[in-house]
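Presented below is the structure to which this report refers.
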Amino acid sequence: MEEVGEQEQTPFLDPSPGRPPLSRAVSNTLNPGGRSEFLLQAKKNTILKSHGRPPWYDEDGHAVHDAFVIGVAGGSASGKTYVARRIVQALGSIPTVVILSQDSFYKKHGPEDLELAFQNRYDFDHPDAIDMPLFASCLADLKAGRQSNIPIYSFKEHQRLDETKYLYGAAIIIVEGILALHDPTLRDLYDLKIFVQCDSDLMLARRIRRDINERGRSVEGVLEQYLRYVKPAYDNFVQPTSRYANIIVPGSDNTVAIELIATHVRRKIEDRSRYLRKDLARIGPLDLTLGNPVDQSFPNLTVLRQTPQLRGIFTMLRNSRTRREDFIFFTDRLSTFLSEKAMEFLPYKSKNITTPVEATYTGKELAVEHICGVSILRSGGPLERGLRRVIQDIRIGSLLIQSEDNTGEPLLLHLMLPDCIRQRHLAKNSFVFLLDAQVGTGAAAFMAIRVLLDHGVPQENIIFVTFIVAACGGVRVLQRAFPKVRIVCGAVDPMLRETWALWDTTPQSPSQDGDSGGLGTPTAKTKAEAEAEGRKIWVVEPGIGHIGDRYYL
Amino acid sequence: MVVQNSPSSQATPASLPPSVFTLPQTAQLEALYTIIRDKETSRGDFLFYSDRIIRLLVEEGLNHLPVVPKTVVTPTGATYEGVGFEGKICGVSILRAGEAMEAGLREVCRSVRIGKILIQRDEETAQPKLFYSKLPQDIEKRYVLLLDPMLATGGSAIKAVEVLKEHNVPEDRIIFVNLIASPEGLKNFCAKFPQTRVITGWIDQGLNEKAYIIPGLGDFGERRYCS
């Protein structure tokens, strides 16, 4: 498992005074056995994944399923986090899980509350301490497959920080907190509700041990807090919510219970992905080769004027014998041209100015709030220099999408998006230049557009910039699913052909997404060897070959 | 599908000579011009946005050069009937403002040769006079992209073409590239050299009493290099 997202560990995981998040040490000392390295590392509020995220949408581009949401409640030190992490572990290779902690949603404190908090006189165990509406709206966004920027609470400062933590793309969300089952709006969002039932004496014992060992607190202090806040809250607000649970899990010796839960969740998730795969097969290869060429009347596909220079540039690029430095030079020249063309599809408004000769002039200026690029790695990279020649300081995010070798299914491996897309309220006013070298099957572009839509970027604000579109290829699928997305390309090539991977595509490089560029240079690999490998790829013809390889390697 | 495949830029308005070509007059292009015309624009922005226009102009200018059929084999083994570039080219900039267009030219044509011409007004005759020229030796065998950002009265440009013709460059092998032209300047220039193509980004209203283009953008060289 590794993390999606580049942000460092968030502050609320640091041991600090105040109501402590359940620490890893609890499960270590009191629930020995059966843990893997990963379990100990599973961070809260971070999307965890075992491999890439497969498609979560149908052939029309609509998201098919919400995320599967599990609520885990129980007393303080009952072992909620342990249970959550064991579930993640037991799920095995299920991709993209997030454990969302209630602790993130403590309210922003005013000066009075803040003073109380520093005196350990603030009741962190009471439902009023939690910003339930924000908690519910963040969870609702994540469940629906939208991004969410969850608050970060600092136990050191006893305060919600100004920064937030960006989350997107979890197929399974595990919400844990003492009051996870308290709020009815939250309860409505859960697909599975779990209550971790633990003996009060055991919880107190764990708490004393943890607070003394890890925080240097006195037994006196721990008991004072326990009696004043923790115990009343448990009796009044936590324990009563167990009646909402679908399953009550014991706080210790719970291996069987966790296996049952994991089996249930895994089955639910597998049902969903089976349904999806069947669905996507219908827009698979057959459709691509037998279909009619791209609809000539489609108004949102713009092809550059086929001038003598443009044809000359394409001749250089298509020629397998073109030297690398020439290939790079002409790629940059073409991408500059494509970017200039793409700029024409942004909105402009009138502007009055005075020239240095004191003449007045009514001209135009760009009328966009935010504009950014998103490059589908690696093959979108060769379009970046051109874009920067047109908008010098443009933010360029990236998506790494690779196709799975045996199924050819695209997998989202990594995403790093500009702030104007991460923030939903900015995304709806953002224009995005989506960059990829060519549209063959269109699978990667399809996924990338879905990611942008999930973030709230309107279809009509997406301008997909690419060198080549295969006339019979996935461009039709894109058009059908996303009719308002503008596609700007340099050429429309007649053929899309499935072939054995006779060409050298370096296995460790992320360049094998069948969509992003065809082939590299032919290697010594024979047809028989290639067939033995059993890997087929789609190539655009005549095409440019594998643009990423030719530009970078 | 919108395929824009006319061989060259937009149709020339009837009132203009047939050898004049302008860039497609899009809102985007107008926005670029609005930035460089605005006297409040910083030098950095002036440089960046004038470079963008110059690149578009040079790309357009190159489309007037001949190409020859060329067949190539792609990395997947398919053949492609394309075209190859034909004929050697060079740039000639009219000092000092014309030099501002050289970077844009070299971004599109790497290591292209660039000649220079200095033309100033002769204070006695009030006529443009050649003060200096340094041109590639084989210039008569090359297509020449003549670079001067502003076509006002056309005096310097006419003098420059005369110099090129003295160096045996045929008139129809010269392509004059500028950012802004006045109707008067275009008329003068094209009357004198009907076979030389003029690629201009924008045609303005006219000239004021000091022969500045209105609305124009002031002194291009001054804004680019000094102010």
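Straightening the chain between B:Arg113 and B:Glu171 buys 19.0 nm, computed as 0.36 nm per residue apart minus the Cα-Cα spacing. Applying both filters, DSSP loop and at most 11 other Cβ atoms within 10 Å, to the GluC sites (Glu not before Pro) of the stretch B:39-113 gives B:Glu40.
Given a Förster distance of 60 Å, report the FRET efficiency between A:Lys268 and B:Leu130 from their Cβ-Cβ distance, rounded to the nearest 0.05. The calculated FRET efficiency here is 0.10. Ligands, DNA and RNA excluded, the heavy atoms of A:Tyr361 present near 30 Å² of accessible surface to a 1.4 Å solvent probe. Taking A:Arg476, A:Arg324 and ordering them by how much accessible surface each has at a 1.4 Å probe, largest first, produces A:Arg324, A:Arg476.
Assuming charge only on the beta carbon of Lys and Arg (+1) and of Asp and Glu (-1), the dipole of the stretch B:18-225 about its Cα centre is about 440 debye to the nearest 20. Restriction of the trypsin sites (Lys or Arg not before Pro) in the stretch A:393-439 to DSSP coil positions whose beta-carbon has at most 11 other beta-carbons within 10 angstrom yields no sites. A:Glu369 exposes around 130 Å² of accessible area when a 1.4 Å probe is run over every protein chain in place. Top mean-square fluctuation among B:Ala160, B:Ala78, B:Ala126, Gaussian network model of chain B, C-alpha springs under 10 Å? Largest GNM mean-square fluctuation: B:Ala78.
Taking all protein chains as shown and a probe of 1.4 angstrom, B:Met150 keeps an accessible surface of around 40 Å². Of the residues B:Pro194, B:Pro75, B:Pro183, the one that moves most in a GNM of chain B with alpha-carbon contacts below 10 Å is B:Pro75. Kindly list the residues of the stretch B:100-131 that lie in the label zone of B:Glu162, defined by a backbone N under 16 Å from the point 7 Å along the Cα-to-C-beta vector. Once the point is set 7 Å along Cα→Cβ of B:Glu162, B:117-131 turn out to lie under 16 Å by backbone N, inside the stretch B:100-131. If R0 is 35 Å, what FRET efficiency do you get for A:Leu202 and A:Tyr244 from their C-beta distance, rounded to 0.05? Rounded to the nearest 0.05, the efficiency is 0.95. Inter-chain Cβ neighbour count for B:21-32, averaged per residue, equals 5 (cutoff 10 Å, partner chain atoms only).
Each part reduced to its alpha carbon centroid, the stretch A:219-242 and the stretch A:43-106 end up 28 Å apart. For the pair A and B, the buried accessible area comes to roughly 5200 Å² in total, with a 1.4 Å probe and the value rounded to the nearest 100. The label-point distance for A:His126 and A:Glu224, in a model that sets each label 7 Å from Cα toward Cβ, rounds to 1.9 nm. Spin-label model, A:His425/A:Ser350: points 7 Å from Cα along the beta carbon direction are separated by 3.2 nm. Here's the picture: charge each Lys and Arg Cβ at +1 and each Asp and Glu Cβ at -1 in the stretch A:152-265, and of A:Ile172, A:Ile261, A:Tyr234 the one pushed furthest to the positive end of that dipole is A:Tyr234. Taking a sphere under 13 Å around the Cβ of B:Gly201 and counting the other residues whose Cβ falls inside, with K and R at +1 and D and E at -1, yields a net charge of -4.
Taking all protein chains into account, the per residue accessible area for the stretch A:341-480 stands at 33 Å² (1.4 Å probe). Mind telling me which of B:Val72, B:Val198, B:Val112 comes out most flexible in a GNM of chain B, alpha-carbon contacts under 10 Å? Comparing B:Val72, B:Val198, B:Val112 in the GNM, the peak value goes to B:Val72. Among residues other than B:Gly82 with Cβ under 12 Å from its Cβ, the summed charge is +2 (Lys and Arg +1, Asp and Glu -1). Divide the volume of the convex hull around the Cα atoms of the stretch B:18-225 by the residue count and you get 147 Å³ per residue.
Between the amide H of A:Ile47 and those of A:Val4, distances stay under 5 Å, these residues lying 5 or more places away or on another chain, with hydrogens modeled in the peptide plane. The Cβ shell under 12 Å around B:Lys210 holds other residues with a net charge of -3, Lys and Arg each +1, Asp and Glu each -1. The residues of the stretch B:18-225 present an accessible area of 41 Å² per residue when probed at 1.4 Å with all protein chains retained. Between B:Lys141 and A:Tyr552, the simple label model (points 7 Å from Cα in the Cβ direction) yields a spacing of 4.2 nm.
What separates the Cα centres of the stretch B:41-58 and the stretch A:327-396 is a distance of 12 Å. Taking the DSSP beta bridges with both ends in the stretch B:18-225, the antiparallel portion is around 35 percent.
In the stretch B:13-114, taking the dipole from charged Cβ atoms about the Cα centre, the farthest positive-side position among B:Thr22, B:Pro69, B:Gly87 is held by B:Gly87. As an exercise, use a Förster radius of 56 Å and the Cβ-Cβ distance of B:Gln25 and A:His62 to find the FRET efficiency, rounded to the nearest 0.05. So, using R0 = 56 Å, E works out to roughly 0.90. From a point 7 Å beyond the Cα of A:Thr164 in the direction of its Cβ, which residues of the stretch A:122-147 have a backbone N at a distance under 16 Å? Inside the label zone: A:131-147. With a 10 Å cut-off around each Cβ of A:343-354, the average count of Cβ atoms from other chains is 4. Our helix-only sum for chain B, with -39,500 (n - 2.57) per DSSP H run of n ≥ 4 divided by its residues, gives a mean residue ellipticity at 222 nm of -8000 deg cm²/dmol. The chymotrypsin sites (Phe, Trp or Tyr not before Pro) of the stretch B:152-227 include none that DSSP puts in a loop with a beta carbon having at most 15 other beta carbons within 10 Å.
The values are calculated or read from the model by the stated rules, or taken from the named source; none is laboratory data. In this text, all values refer to a predicted model and were calculated from it rather than measured experimentally. Positions of Cβ are backbone-derived with ideal geometry, glycine not excepted, and every protein chain shown enters the neighbour counts. Surface areas here come from the heavy atoms of the whole protein model, side chains and all, with no ligands, DNA or RNA. Shrake-Rupley method; radii C 1.70, N 1.55, O 1.52, S 1.80 Å.
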